[in-house]
1. Rounded, prolate or oblate: which fits the stretch 104-263, taking a ≥ b ≥ c as square roots of the Cα gyration tensor eigenvalues, rounded meaning a/c under 1.5, else prolate when a/b beats b/c?
2. Which three lengths, in whole Å and largest first, does the stretch 99-175 cover when its Cα atoms are put on their principal axes?
3. Okay, helix-only estimate at 222 nm for the chain: each DSSP H run of n ≥ 4 adds -39500 (n - 2.57), divide by all residues, round to 500 deg cm²/dmol; what do you get?
4. Take the chain, compute every pairwise Cα distance, and split them into 10 Å bins from 0; I just need the percent in each bin.
5. Classify the stretch 1-158 as rounded, prolate or oblate, taking a ≥ b ≥ c as the square roots of the eigenvalues of its Cα gyration tensor: rounded when a/c is under 1.5, otherwise prolate if a/b is larger than b/c and oblate if not.
6. If all Cα-Cα distances of the stretch 1-81 are sorted into 10 Å bins from 0 onward, what percent lands in each bin, rounded to whole numbers?
7. Could you state the angle between the C-alpha long axis of helix 250-261 and the longest principal axis of the C-alpha atoms of the chain, as a value from 0 to 90 degrees rounded to the nearest 10?
8. Running a GNM on the chain with Cα contacts under 10 Å, which residue among 65, 259, 158 ends up with the highest mean-square fluctuation?
């Protein structure tokens, strides 16, 4: 079994087929410091390429999911003339964006268990996940506009795909603290549950999704992820190769035999 990397600001736990990635700066509401951003890139690379899992939960320690970029980092750079804060943030955003790309490469279902506020880059991180289960006490905040900064972390990529370009722009310009119930109505949150049930429900959902055939999950995620960027000709070629590769797997044999026997398939992951 592959050993997770040792990290200071994040925790990776693996229990059977289920992995959990926890942002672990609770005293700072899991704000994204340069150290956390760097470790997020390490963690997502491991989870995409090496981790022996069939579902992943992303959550935050303490009372927040993630409050976004560490405002103390920004303030120090602005106040100290010897620091080139633009260069620092440009490098930080590059690392953060590599982490988002690797998060999207993870070939298993990724569930955000949003236990509290998801603001700024924390909102972006939640949007990058496949499923978002939120505490009824959580809220979502674009947050960039209130400090005069431009969105990053994929917010302007994912949000229009989740709620449409017009509503996404309106939400960014209004910059509210969007309650979980309103996020559910808009389609940003997948489910809303009482705060003490967020992780239990995320684990339950992860267990359900982990039973799916891995090739099916991987291809569904990949195909949907590029569907808005491809021509129909390009996209149908990807679908063609995906189904042809899938028919050669042991899971396809299990699934087809189960169909004819009237049983529920138990996919082997091969």
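None of the figures in this text is laboratory data; all of them are computed from the coordinates on show. In this text, all values refer to a predicted model and were calculated from it rather than measured experimentally. Here the Cβ is made from the backbone with ideal geometry for all residues, glycine too, and neighbour counts use every protein chain on show.
1. oblate
2. Largest first, the stretch 99-175 extends 35, 27, 21 Å along its Cα principal axes.
3. -15500 deg cm²/dmol
4. Reading the bins upward from 0: 7, 28, 34, 21, 8, 2, 0, 0.
5. prolate
6. 19, 45, 26, 8, 2, 0
7. Here the helix axis deviates by roughly 60 degrees.
8. So, out of 65, 259, 158, the one fluctuating most is 259.
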